[in-house]
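Undergrad: Got a structure here, written out as structure tokens. Questions coming.
The values are calculated or read from the model by the stated rules, or taken from the named source; none is laboratory data. Small disclaimer: the values here were computed from a predicted structure and weren't measured. Glycine also receives a Cβ, built like all others from the backbone with ideal geometry; neighbour counts cover every protein chain displayed. What goes into the accessible areas is simple: the full protein's heavy atoms, side chains included, and nothing from ligands, DNA or RNA. Shrake-Rupley method; radii C 1.70, N 1.55, O 1.52, S 1.80 Å.
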Amino acid sequence: MKSHSEAMRSPIGRTFIPPPPVPSPPYGVQGLDPSGPLFPEERIHGGDFPAAPAPVYVDGDRVPDTFAMEAEVQGYDLSDFLTLAARNNPTIRQARLQISAQTAKALQAGLYPNPTINYIGEQIGVDVEGDKDSPGEFQGMTVRQRFVTAGKLKLSREKYMRRAHVSEHLAMAQQFRVCNDVRIHFFRALAAREKVQLRKELLKAAEDGAVTARELYNLGQATRPAVRKSSIALQRARLDVLTAENHYRESFRRLVAIVGVDLTDGLVSGDLMPEGEPISYREAVSLVLSESPELAAARAKLAADRVTVRREQVEWIPDIVAEGGAGYNFEAKETTAAAGVSIELPIFDRNQGTIRQAQLDLRRQQEEIRRTELMLQQEMANIYQQYLTALQIASEYDRVIIPEAKLAYQELLQSYKANRVDWPTVLDAQVEYFDSRLTRVQYLEQVRTNEVLIRGYLLHGGLMAAPGPTPPGHIDAVAKPR
Amino acid sequence: MSNTEQRRSFLKVGSIAAAFALATERLHNHAHAQTPSASGDAASAADSTPDADYDGFSRFKPSRGNDPDSDYYLGKLVPGFRKPAEGPAPFEAPDVPKLPYKMDNGVKIFELVPMAVQQEFHPGVKMNVYGFNESMPGPTIEVTQGDRVRIVVTNELPEDTFVHWHGFELPVQYDGAATLTQNPIKPGQTMVFEFDIHEEGTFFYHSHVAMQEAFGQVGWFIVQPKKIFDPPVDRDFGLIFQNFHIPPTHTVSDSWAMDWNWHTINGKSGPYTTPLVCKHGERVRVRLLNFSPMQHHPIHLHGHTFWVTGHEGARIPKTAWVPRNNELVGVAQSSSFEFIANNPGDWIFHCHMIHHMMNHMVRQVGPRIRDDASVDQYLTNLRSRPPVDASHQESFATPGYPQKMQGMEMSEDFMQAIWNRKEVRGMRANYAMAVKGLMTVVRVLPEDLYDLVMHSDQQVEKGAVFAEIVRRFGDPGAYQAAPKMKM
Ligand SMILES: [Cu+2]
């Protein structure tokens, strides 16, 4: 009964109460000074990048150093980031090192076997005339040399040179992975930045909505719950700005991570609008099937596998091991010579198993090429669909929806000026105009990122380690590479 | 207007008024010296005229009369200056043309064309409605009791129509009550209506398709009596009041709407309504037709008490006349207001329905009520809006503020069109801010000022005629002219 009577005494609707206050901004809004740097406490000085990698040398050449940054760089365009990435992304260097490693392996595989020097002392202590021990019947030195037959070394070297060739294609692929990732994250950062701007416009509209609701309240034209709703909308718009800001920071940080420098400050500058003509599906598929570095690597690997088969096919042909030398025969008390030749008789082991394995690997690689083609086509089907859908939507937002929203907003403003329409109606149109521009940016981002994948042979993942030339299951685990 | 300018314009008006003084005396032979001279004392001039006084009621100054039962109480039967022999005063509906006729064997032949029209409610604001002969409301048909009329109706609408002759006791086949009495007049087709008119009074014609009526299709059909109504009037004005609902950014009236945001008197909306100008002391009749779709109009005249002397259909016997300040005129009803214009000045004459006292009322929120905010800021840069200015004046501490419409802007073109009409000459510079929607002005002017306003080519300063009336009849020491507007 008591609570009931208290409810009866509620002043709501019984005596004038000022409208509910505008809520204070959430944590973080105060830091969103649009004129200030993105991370005020982390402004960089000079070309000082604490996490710059140590110099790397390949074949005596120093892999180019990290990009010397100017202190006052404010806005970076795409080519800035691509240049930075080419110099600083570790996976590109990894890929180059892998080429050198394969070349080194080829060098090793073609080296001729070393001769062996033997000391021989035979029948040491055998009795000689006078029944006394002798230093031995024969003591001397021989030299043994394996003569490699059937061009095994040449084939081994060729095989690893071809694998180095595979690595070159893979390095190219890695370069695309990195560049594509730079482009993708650049466009994401660019879009994120535009979204921040539009979210701020929407925030101003929400602030206006909150003020308008209170103005209506004072005229008896809005209820208290309606004013509270405007506060909710305002706070949501503020959170949307914070989310967009956070998203921009993330995009920028991800971008500089791929680029491989520790940029902490700066803005991306560029245009989200694609410049060229739209790509047709036929173009997209033929481009990736004819020029994909992954496919080129797979084809090069097939050539390497052919040499592998040839190499294994000669493996059973015995090498000739010849040995010869001179010594002193203590029995005959004269200098004598020694000679020997050995040849392994390929009676049981004619390397049949490995030859078969190499042939199967070759056939596997043929299927691998086909598999790669199909995988690329499957991926292209998906990426192209996303590209096309986003392009269609973004184009129509550009061509029709945004201009219409803008005109609707303008006409209502003029109407408001002529005293013919209420301000809340104008605000609705304003929000719709800003919101349609936000949607356009979202789809343009998708257009650009998918376009990058289509033109860049679907390669991405610029911080995954560059793959080596050999897939699992290949003959490699021998002491001397062959 | 500066003080010097005011003085200069007073002098000019004064001298013009003096020049007309002689003519005035000659014109009003039965009420000579009735118009106070420019320099004279109004009250004494009026009092000195026998014809000015009717049983305690004065033709020239606000008065009631000695006895409510007197024929002259509140000017009830006080005649106008016009002699009955001159016939009825011409019917005048400002802004509405008169439909010409041809005679054929004693039959008056009128050609009426239902059609879509663009009607200029406000200067440059051309609304899409239906009317007749390029006009909304349609042109006035004016005949005399006993005439035979033949009305040739040619439908230029893209749809069927009917025309009903509202109030006439005519042969049923010509009643126009849609397919109850006739086949539709198809687009492009003509139908001839011919009947004798034995009635006298205030009638009108209108489409008998509901939405066409709501869309504006109406016109006066005035029948002058064979025997002139007694007492004779000097002025016989006609005003048709209508409501329309026209959405923002639009020009087509939504006749389906149940709410109205544009209001017209004779197709014009205040302040574009044309004032009714009469001379001091005249007997004035205003016939007012409410042809709004749904809304009744309580009509109020300032500064005078009028007699309701007739409705649509017929004149009211004098014993049933009612004196009023405010007369409720229902939908499709017409009231005749008669009064002696004995109180000089510009008097507002308006519907008293609050929401009819201005067009398209909008909520008073947004930039128009905010400090330092203007819509132009928004229009200059559509891509990025200005930050909201939430600072409000202290008056915002008053619950309910603001009730007065804020930030009303009238363009230069608009103001020029308003002031281009002779009927408004010499009115206060700010008068347009006061006359909105279903409002017009009855101007009661001493003869010299009437001639100055209506007939002279003189340049008349804004506010000069009003100030002169204050000078002659009011308390000039306490009067402040309107601030000069930039226009
Ligand atoms: Cu009204």
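Undergrad: For region B:354-369, which positions are touching a strand residue (DSSP E or B) at 6+ places or on another chain (Cβ under 6 Å) and in a loop (DSSP other than H, G, I, E, B)?
TA: Answer for region B:354-369, where residues must be touching a strand residue (DSSP E or B) at 6+ places or on another chain (Cβ under 6 Å) and in a loop (DSSP other than H, G, I, E, B): B:MET357, B:MET358, B:ASN359.
Undergrad: Within region A:411-451, track down each residue that is closer than 30 Å to A:TYR384 by Cβ and free of Cβ contacts under 8 Å to residues at least 60 places away in the same chain.
TA: Within region A:411-451, A:SER436, A:THR439, A:ARG440, A:TYR443 qualify.
Undergrad: Then there's this: Restricting attention to region A:421-436, which residues are surrounded by fewer than 22 Cβ atoms within 10 Å (Cβ to Cβ), within 10 Å of chain B (Cβ to nearest Cβ) and out of contact with any Gly (no Cβ under 9 Å at 6 or more places or on another chain)?
TA: Result: A:THR425, single match.
Undergrad: When region B:356-381 is examined, which residues are found to be within 16 Å of the ligand (Cβ to nearest atom) and either modelled with pLDDT of 90 or more or over 30 Å from A:ALA210 (Cα atoms) (or both)?
TA: B:HIS356, B:MET357
Undergrad: Which residues, counting only those in region B:321-340, are away from the ligand (no atom under 16 Å from the Cβ), open to solvent by less than 10 Å² (accessible area, probe 1.4 Å) and among the aliphatic types (A, V, I, L, M)?
TA: Passing the criteria: only B:ILE340.
Undergrad: Pairs please, first residue from region B:352-365 and polar (S, T, N, Q), second anywhere and within 15 Å of the ligand (Cβ to nearest atom) and in a loop (DSSP other than H, G, I, E, B), Cβ atoms under 6 Å, 6+ apart in sequence or on different chains.
TA: Hits for this filter: B:ASN359/B:SER269.
Undergrad: Hey, another quick one. Regarding region B:206-226, can at least one residue be identified that is closer than 30 Å to B:VAL78 by Cβ and β-branched (Val, Ile, Thr)?
TA: So far as region B:206-226 goes, yes, one or more of its residues are closer than 30 Å to B:VAL78 by Cβ and β-branched (Val, Ile, Thr).
Residue-by-condition table, conditions (1) within 14 Å of chain A (Cβ to nearest Cβ); (2) crowded, with 16+ Cβ neighbours inside 10 Å; (3) not polar (S, T, N, Q):
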position: B:ASN342; (1), (2), (3): no, yes, no
position: B:GLY345; (1), (2), (3): no, yes, yes
position: B:ARG363; (1), (2), (3): yes, yes, yes
position: B:GLY366; (1), (2), (3): yes, yes, yes
position: B:ASN381; (1), (2), (3): yes, no, no
position: B:TYR401; (1), (2), (3): yes, yes, yes
position: B:VAL424; (1), (2), (3): no, yes, yes
position: B:ALA429; (1), (2), (3): no, yes, yes
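Undergrad: Okay, moving on. Go through B:ASP451, B:ASP413, B:ASP389 for me and flag whichever is part of a helix (DSSP H, G or I) and modelled with pLDDT under 95.
TA: B:ASP413 is the lone residue from the list that is part of a helix (DSSP H, G or I) and modelled with pLDDT under 95.
Undergrad: Just to check your reading of the model, which residue among A:GLY140, A:GLY130 is open to solvent by 70 Å² or more (accessible area, probe 1.4 Å) and not in a helix (DSSP H, G or I)?
TA: Result of the check over A:GLY140, A:GLY130: A:GLY130.
Undergrad: B:GLY313 is checked against (1) buried (at least 21 other Cβ atoms within 10 Å of the Cβ); (2) more than 16 Å from the ligand (Cβ to nearest atom) and fails just one. What number does that condition carry?
TA: The number of the failed condition is (1).
Undergrad: Look through region B:280-293, keep the residues that are closer than 12 Å to B:ARG82 by Cα and assigned to a strand (DSSP E or B), and return whichever of them is nearest to the ligand (Cβ to nearest atom).
TA: That would be B:VAL284.
Undergrad: May I ask you to verify whether A:GLN414 is within 8 Å of chain B (Cβ to nearest Cβ), in a helix (DSSP H, G or I), open to solvent by 50 Å² or more (accessible area, probe 1.4 Å) and not charged (D, E, K, R)?
TA: yes
Undergrad: What are the residues in region A:319-343 that are surrounded by 13 or more Cβ atoms within 10 Å (Cβ to Cβ) and not in a strand (DSSP E or B), if any?
TA: The answer is A:ASP319, A:PHE330, A:GLU331.
Undergrad: Scanning for something within 23 Å of B:VAL362 (Cα to Cα), touching a Lys or Arg at 6+ places or on another chain (Cβ under 9 Å) and either buried (at least 19 other Cβ atoms within 10 Å of the Cβ) or within 12 Å of chain B (Cβ to nearest Cβ) (or both), does region A:239-261 turn up at least one residue?
TA: The answer is no; no qualifying residue exists.
Undergrad: Just to be sure I understand the filter: pairs with C-beta atoms under 6 Å, separated by 6 or more residues or on different chains, first member in region A:207-231 and facing chain B (nearest Cβ under 8 Å), second member among the small types (Gly, Ala, Ser) and not in a helix (DSSP H, G or I). Which pairs pass?
TA: Cβ pairs passing all conditions: A:VAL211/B:ALA390; A:LEU216/A:ALA222.
Undergrad: Counting residues that are without any contact (Cβ under 8 Å) to a residue 12 or more places away in the chain, which strands (runs of 3 or more DSSP E) fully inside region B:75-155 reach at least 2?
TA: Where strands (runs of 3 or more DSSP E) fall fully within region B:75-155 and carry at least 2 residues being without any contact (Cβ under 8 Å) to a residue 12 or more places away in the chain, they are B:101-104.
Undergrad: Check region A:343-363 and report whether any residue there is within 25 Å of the chain's Cα centre (by Cα) and of a type in the set (Ser, Thr, Tyr).
TA: no
Undergrad: Still on this structure, I have one more. So, in region B:261-277, of the ones that are within 16 Å of the ligand (Cβ to nearest atom), assigned to a loop (DSSP other than H, G, I, E, B) and more than 13 Å from B:VAL96 (Cα to Cα), which residue ends up farthest from the other protein chains (Cβ to nearest Cβ)?
TA: By that ranking, first place goes to B:SER269.
Undergrad: Now for a different question. Tell me, which residue of region B:222-260 that is among the aromatic types (Phe, Trp, Tyr) and away from chain A (no Cβ under 14 Å) is farthest from the ligand (Cβ to nearest atom)?
TA: This residue is B:PHE229.
Undergrad: Same structure, new question: Conditions first: (1) away from the ligand (no atom under 16 Å from the Cβ); (2) farther than 21 Å from B:LYS279 by Cα; (3) hydrophobic (A, V, I, L, M, F, W, C); (4) touching a Cys at 6+ places or on another chain (Cβ under 8 Å). B:VAL444 passes all but one, so which condition is the exception?
TA: The single condition B:VAL444 does not satisfy is (2).
Undergrad: Given the conditions (1) more than 16 Å from the ligand (Cβ to nearest atom); (2) open to solvent by 30 Å² or more (accessible area, probe 1.4 Å); (3) over 19 Å from the mean Cα position of the chain (by Cα); (4) within 25 Å of B:ALA432 (Cα to Cα), report the number of the one that B:VAL209 does not fulfil.
TA: Condition (4) is where B:VAL209 drops out.
For every residue, the table says whether it meets (1) surrounded by 23 or more Cβ atoms within 10 Å (Cβ to Cβ); (2) closer than 17 Å to B:VAL143 by Cα.
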site	(1), (2)
B:THR190	no, no
B:GLY201	no, yes
B:LEU239	yes, no
B:PHE244	yes, no
B:THR249	no, no
B:ALA257	no, no
B:ASN261	no, no
B:THR264	yes, no
B:GLY267	yes, no
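Undergrad: While we're on this one: Please determine, by comparing only the residues of region B:114-131 that are in contact with a Leu (Cβ under 9 Å, 6 or more places away or on another chain) and hydrophobic (A, V, I, L, M, F, W, C), which one is least open to solvent (accessible area, probe 1.4 Å).
TA: B:MET115
Undergrad: From the list A:ILE393, A:ILE369, A:ILE355, A:ILE402, exactly one residue is open to solvent by 40 Å² or more (accessible area, probe 1.4 Å) and either more than 14 Å from chain B (Cβ to nearest Cβ) or assigned to a helix (DSSP H, G or I) (or both). Which is it?
TA: A:ILE393
Undergrad: Something else about it: Taking B:PRO387 as the residue in question, decide whether it is within 30 Å of A:LYS417 (Cα to Cα), open to solvent by 60 Å² or more (accessible area, probe 1.4 Å) and within 14 Å of chain A (Cβ to nearest Cβ).
TA: Yes: the conditions hold for B:PRO387.
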